[in-house]
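Okay, structure first, notes after.
Values quoted throughout were computed directly from the atomic coordinates according to the rules given, and no laboratory measurement underlies them. Everything numeric here is computed off the predicted structure, so don't read it as measured data. Cβ placement follows ideal geometry from the backbone for every residue including glycine, while neighbour counts extend to all protein chains displayed.
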Amino acid sequence: MSQLTVEVRTAGGAGEGQMWVQSLVDKLVEDRVASALANQDPTLWGPRAQPEAARRLAWVALPKTSRPLLASIEALRTQLRSDGIDRVVLAGMGGSSLAPEVICATAGVPLTVLDTTDPGQVASALAGDLARTVLVVSSKSGSTVETDSHRRIFAAAGLDPAAHLVAVTDPGSPLQQIAEADGYRALILAEPNVGGRYSALSAFGLVPSGLAGADIALLLDDAAQQCALLAADDPANPALRLAAVLAAGHAAGAEKVVLADTGSGILGFADWAEQLIAESTGKEGTGLLPVVVPNPGAPGFADAGADATLVAIGPSVPSSPAQTASVATSGTLGGQFLLWEYAVAVVGRLLGINPFDQPDVEAAKVAARTQLTGAATPAPAFVDGEVAVHPVGNWLPAGVSTLSDALWALVSAAPPQGYLAVQAYLDRVADASAAVLRTELARRTWLQTTFGWGPRYLHSTGQYHKGGHQNGVFLQLTGALEGDIPVPGTDFTLGELQQAQAVGDAQVLAAHGRPVLRLHLLDRAAGLVALVHALQEQR
């Protein structure tokens, strides 16, 4: 059995910071928070949160209650393989895609994930061998617009639902009705009393991962072995220790949590934790902003300031600046899923918020729908080479007429200890080089800098952007399309939906008083090169 561990190094060593963390742990133990959470007590977050919490706590029992799924998933996989169907494509967003992607990457089994509205990325998935493809349509609500669009597009491409389509959804959802009416090969109903970001060990995490060939029985075994430890009202409980250091850091002004892998062997775990942290805590003007970096030597981690707590996903506590606390969490994947779910739920109690709602997510969806009904998109302020520059709101100083000046005007608009969010509505496979912008910007601006693929981030950090600390500035990237894909049964294309999501979210952020700069790449490859050059022109 691989035991979960959480090692903590606080600012100032064993002094005031360590005492603060220990006092929070002692209070959590005294209040018997861990055992109450294990017993699914909905009163832990106060009376306002109780109605929501009462129907969102079944995740603590998933290592046991998900076990009956194993036989049916294995039987379905065997049947599919016997029919020559061995390519798994997952259509899902947020909690329906992030955990399976981590599980399969760590297990080394192939899984094609569609959590995008970029026509090029969807076209690449369609270009695979459809005769060998099972499409797993995964949506808790059963009406997620991106996932429903993927379902419609693949069905129109000729996939026989009875042979090639599998649905994972909550009971009574529109997707259940569609799957039953169209005779899907399989319909698997998930535990409804689990929120999307806490669903890693539910059908949403297990079905696509098991069909792809990951050892999901071992995943549940690993999690189950940690249940007693995480439920213990004991100062050694790693979830209480992790929650305490994150909350203590927040109280001291470290509202960013910078995550880097230090040799865990778990691939992409920080991307999953990003959604859990941001959506659970980023509300009511408070919360923790997760910042995912590629390695512990990356800017934002190695040079973090007092506004950040460093978290290593791996076996050793990282070295950190003297004023910054650092944490290392280690253990197997199933145990780490459960550790972070417990810890973030407890952080919600310590911050005085409800960790199970997402009150600011709907605004961006409404704005996108408005755009799709024909709302006008403003013309660019100017065009510089292959980049059309669209400032959203009235923050850009008069006279700015170059890409470089616009970028640095955005950076200058960030308040002290604010953050910069890069939001790329591009193809995260073909345009993967866009991610280098995070490193370049973080190195040159000294701001904590996040990078998210759109619309994927709308189901993750998008909640924090609107509901958390209002000290962010936003760089949004969109790009010209080489081709588009109509969404059957609707009056829009994927490209139109992608544009509507970008423009809509930018408008919502601007309405919150946040500076947004949308850069439309008239040629994607040339535009990305021009962006890097523009960053290098100053500072």
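Close amide-amide hydrogen proximity is noted between Asp384 and Val389, each under 5 Å apart and 5 or more residues distant or on a separate chain (H modeled in the peptide plane; Pro and chain starts excluded). Spread over its residues, the convex hull of the C-alpha atoms of the range 236-381 is 154 Å³ per residue. Estimate the FRET efficiency between Leu218 and Thr43 by the formula 1/(1 + (r/R0)^6), using the beta-carbon distance for r and 45 Å for R0, to the nearest 0.05. After rounding, the FRET efficiency stands at 0.85.
Mind giving me the FRET efficiency for Ala162 and Ala306? R0 is 56 Å, r the Cβ-Cβ distance, nearest 0.05 is fine. Once the sixth-power term is evaluated, E becomes 0.45.
Taking GluC sites (Glu not before Pro) as exposed when DSSP calls them loop and at most 13 other C-beta atoms lie within 10 angstrom, the chain has its longest site-free stretch at 1-481. Ordered by the number of other Cβ atoms lying within 10 Å of each residue's own Cβ, fewest first, Val136, Val411 fall into the sequence Val411, Val136. Taking the fewest neighbouring Cβ atoms within 10 Å as the starting point, the ordered list for Asp215, Asp118, Asp222 is Asp215, Asp222, Asp118. Between Val529 and Ala36, the modelled label-to-label distance comes to 6.0 nm, taking each label 7 Å out from Cα in the direction of the beta carbon. Report the calculated FRET efficiency for Asp86 and Ala54 (r = Cβ-Cβ distance, R0 = 30 Å), to the nearest 0.05. Once rounded, the FRET efficiency stands at 0.10. Taking a point 7 angstrom from the Cα of Asn295 along the C-beta vector, which residues in the range 89-108 have backbone N less than 18 Å away? Counting only backbone N, you get no residues. Semi-axis lengths, largest first, of the ellipsoid equivalent to the range 362-536 are 24, 19, 16 Å, with √(5λ) applied to each eigenvalue of the Cα gyration tensor. Restricting attention to the chain, the count of lysine pairs at 8 or more positions apart or across chains with alpha carbons under 20 Å apart stands at 6. Residues Lys283, Lys27, arranged from fewest to most other Cβ atoms within 10 angstrom of their Cβ, appear as Lys27, Lys283.
In this label model, Asn193 and Lys27 are separated by 2.9 nm, measuring between points 7 Å along each Cα→Cβ vector. For the chain, the mean residue ellipticity at 222 nm estimated from helices alone is -12000 deg cm²/dmol, where every DSSP H run of n ≥ 4 contributes -39500 (n - 2.57) and the total is divided by all residues, rounded to the nearest 500.
How much length is gained if the chain between Gln3 and Glu440 is pulled fully straight, taking 0.36 nm per residue apart and subtracting their Cα-Cα distance, in nm to one decimal? This chain segment gains 153.6 nm when fully extended. Dividing the mean sequence gap of close Cα pairs (under 8 Å, 6+ apart) by how many residues the chain holds gives a relative contact order of 18 percent.
Cα extents for the range 66-223 along the principal axes, largest to smallest and rounded to whole angstrom: 39, 31, 28. A compact globular protein would have a Cα radius of gyration near 2.2 N^0.38 Å; the ratio found for the chain is 0.94.
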